[in-house]
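The values are calculated or read from the model by the stated rules, or taken from the named source; none is laboratory data. Not measured: the values here are computed from a predicted model. Here Cβ is always computed from backbone atoms with ideal geometry, including for glycine, and neighbour counts include all displayed protein chains. Side chains are part of the model used for accessible areas, which takes the heavy atoms of the whole protein and leaves out ligands, DNA and RNA. Shrake-Rupley method; radii C 1.70, N 1.55, O 1.52, S 1.80 Å.
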Amino acid sequence: MKRYHVTTFGCQMNVHDSERIKGLLESLGLGEAGSADDADFLVFNTCTIREKADDRLVAHLMDARAAKRRDPDKVIVVGGCWSESMKDELFDQFPFVDLAFGPGNIHRLGDYIQAGGEIPRGHFSTFDTFSGELPLKRDRDFQAWMQISTGCNCNCAYCIVPSVRGREHSRHPGGLIREAERLAGDGVRELTLLGQNVNSYGRDLRPAVDTSFAALLRGLDAVHGIDRIRFTSPHPKDMRADVIEAMAECEAVCEQLHLPVQSGSTRILKAMRRTYSRERYLALVERIREAIPDVALTTDIIVGFPGETDADFADTLSLVDEVGYDHAFTFVYSARRGTEAARMPDQVPDEVRGDRIERLVERIQHHATARNAALVGTVQEVLVEGPSRTDPSVLRGRTRGGKALNFTGTALAGALVDVTVTGSTSQTLSGRQAAPVAAA
Ligand code: SF4
């Protein structure tokens, strides 16, 4: 049996795509190797969101080249966003690569194997088929990723995604409901819906298919066995009233929302082409909290965007204080070749960016600590994932708010149990399994 090894870089969409790559390869009779050294097929599922990601990948490719020199039968395969971004020069720069494809062409790997390698080497277009329709090999027993759409119609000035994943394409809602039913049948209790811009789901299907993100949430909420639904990433501009209502009314949709803001300054949001102002974003947060009072809010923030002044950065800090996020992914702006922002004047000096990210992280930690401390003494429903990675004598799981919680108890992986929170840090909660409530 031929063996494969997949190395994954980047976001959850790539983690999902790698599960599909593994499923496809196993459906064609290959097995997973324990390491790259033992593999006949070395597959790299790549990311290109930042220049640094490229450098890391190239180091891996150099190792693959050395491995192929030692064993010329090894097959080197490159997929994902970096592969798409390099479509014009990849084989010139990396001639030892046997097959390369973009995120919308993963199925070509199957064609390559079935044709014994006798197909063209490069398959690039931003979208051909949904990876979500390929065979699946899940890494987690009770949780699953579900790709609902791919691509993005926005053009944020710093982002390379639209040029490598293309325009938005939504999967048909009927197919998604059937997939959720199959997953529930396999024991999955929690679904995470994936898309570059999930809440614009369905726009490209209308009017032929009367659907929307809110309608999809309601449809998946009705699937028996699916107890939790999460989604990432939404865009603030598409968080309409029907989505907020569906989040509030659908029992399975968790009280957790990742709402990337990127900056607290309306001037910088404009330069970023984010299409909303600080004021509109804060008003949206208010509406969401009115409808879902205990929602856990997380976000993405970039510091040091070209032209960002001390006053702009102060706006970002004050917005963080006003929202009081449960957590935030913070990024130092780095110019990405091929984006509008990389050509902008007034690039912010490294030391200024370094100082700002430190102050931002401190502020985020302050609020995250307070948000988690406020949960001490409460009872949280937890989906048990298994023993803690650091202490096998305790169990780990996640609350509906998406918070990691380590606790003492006897529950089995995959169970939904109540846990009394007894402790907290800025990152995690701790607790003990609550005694089951005696039936009346
Ligand atoms: S919405 Fe997200 S994926 Fe789309 S261009 Fe903006 S940052 Fe990139």
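Here are the numbers for the structure shown:
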| item | result |
| --- | --- |
| Residue count for the range 385-416, restricted to those that are hydrophobic (A, V, I, L, M, F, W, C), assigned to a loop (DSSP other than H, G, I, E, B) and over 17 Å from residue 140 (Cα atoms) | 2 |
| Members of the range 76-107 that are over 21 Å from residue 196 (Cα atoms) and small (Gly, Ala, Ser) | 100 |
| The range 205-238, subset part of a strand (DSSP E or B) and open to solvent by 10 Å² or more (accessible area, probe 1.4 Å), residue farthest from the ligand (Cβ to nearest atom) | 230 |
| Lone qualifier among 162, 173 - being out of contact with any strand residue (DSSP E or B) (no Cβ under 9 Å at 6 or more places or on another chain), of a type outside the set (Gly, Ala, Ser), open to solvent by less than 60 Å² (accessible area, probe 1.4 Å) and over 24 Å from residue 101 (Cβ atoms) | 173 |
| Residues of the range 295-307 classified as open to solvent by less than 10 Å² (accessible area, probe 1.4 Å) and either more than 20 Å from residue 350 (Cβ to Cβ) or touching a Lys or Arg at 6+ places or on another chain (Cβ under 8 Å) (or both), total | 6 |
| Hits in the range 239-254 (condition: crowded, with 17+ Cβ neighbours inside 10 Å and in a loop (DSSP other than H, G, I, E, B)) | 239, 250, 252, 254 |
| Residue match in the range 187-207 (condition: of a type in the set (A, V, I, L, M) and without any contact (Cβ under 8 Å) to a residue 24 or more places away in the chain) | no |
| Enumeration of residues in the range 368-384 that are open to solvent by 30 Å² or more (accessible area, probe 1.4 Å) and not in a strand (DSSP E or B) | 369, 370, 371, 373, 374, 375, 376, 377, 378 |
| Extreme residue, farthest from residue 168 (Cα to Cα), among residues of the range 261-277 that are touching a residue at least 12 places away in the same chain (Cβ under 8 Å), open to solvent by 10 Å² or more (accessible area, probe 1.4 Å) and not basic (Lys, Arg) | 266 |
| Residue list for the range 137-192, restricted to those being more than 16 Å from the ligand (Cβ to nearest atom), at pLDDT below 95 and not basic (Lys, Arg) | 139, 141 |
| Any hit, the range 334-346, residues being touching a Pro at 6+ places or on another chain (Cβ under 6 Å), assigned to a loop (DSSP other than H, G, I, E, B) and open to solvent by 10 Å² or more (accessible area, probe 1.4 Å) | yes |
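Every residue, every condition in (1) within 30 Å of residue 382 (Cα to Cα); (2) in a strand (DSSP E or B); (3) within 16 Å of the ligand (Cβ to nearest atom); (4) not charged (D, E, K, R), yes or no:
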position: 270; (1), (2), (3), (4): no, no, yes, no
position: 288; (1), (2), (3), (4): yes, no, no, yes
position: 297; (1), (2), (3), (4): yes, yes, no, yes
position: 329; (1), (2), (3), (4): yes, yes, yes, yes
